[in-house]
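Taking it in order: structure first as structure tokens, then the write-up.
The values are calculated or read from the model by the stated rules, or taken from the named source; none is laboratory data. Here the structure is a predicted model, which means the values were calculated and not measured. Backbone-built Cβ (ideal geometry, glycine too); neighbour counts: all protein chains shown.
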Amino acid sequence: MTTLSLARNEVLALKRARGMRIRVLSGCAWVTERGSAADHVLEAGCEYRVAGNGLVVIEDFGIARGDPKTDISLVGGGGRA
């Protein structure tokens, strides 16, 4: 498991992450996956499982709630871009 903190408006890109679980520990994150018809806004305690091996972008979305940063954990799957 990898734990990361995203500062306000910081972006993280993942490739080859099929099966990875993205869990928001605190704050709020916006997640989009290439090939998916929907984007996802995850609040603390929510999780998203990556379905494909395309690009996945995770962005701090805490500004929407006034959070100074977002803490996430990445479990399983591939790696970072």
When the range 42-59 is checked residue by residue, the ones that are more than 9 Å from the chain's Cα centre (by Cα) and farther than 16 Å from Gly77 by Cβ are Glu43, Ala44, Gly45, Cys46
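Scanning for something among the β-branched types (Val, Ile, Thr) and in contact (Cβ under 8 Å) with a residue 24 or more places away in the chain, does the range 35-46 turn up at least one residue? Before the answer, list the steps.
Restricting attention to the range 35-46, the residues satisfying the condition of being among the β-branched types (Val, Ile, Thr) are 41.
Then drop every residue that is not in contact (Cβ under 8 Å) with a residue 24 or more places away in the chain, which leaves none.
The answer is no; no qualifying residue exists.
Taking into account only those residues within the range 23-75 that are of a type in the set (Phe, Trp, Tyr) and closer than 17 Å to Glu10 by Cβ, which is modelled with the highest pLDDT? Give the steps one after another, and end with the answer.
Here is the first cut: in the range 23-75, the ones of a type in the set (Phe, Trp, Tyr) are 30, 48, 61.
Now restrict to residues that are closer than 17 Å to Glu10 by Cβ: 30, 61.
Values: Trp30: 95, Phe61: 89.
Applying the filter and picking the extreme gives Trp30.
Within the range 11-34, track down each residue that is free of Cβ contacts under 8 Å to residues at least 40 places away in the same chain and touching a strand residue (DSSP E or B) at 6+ places or on another chain (Cβ under 6 Å).
Within the range 11-34, the first condition is being free of Cβ contacts under 8 Å to residues at least 40 places away in the same chain, and the residues that meet it are 30-34.
Selection gives Trp30, Val31, Thr32, Glu33.
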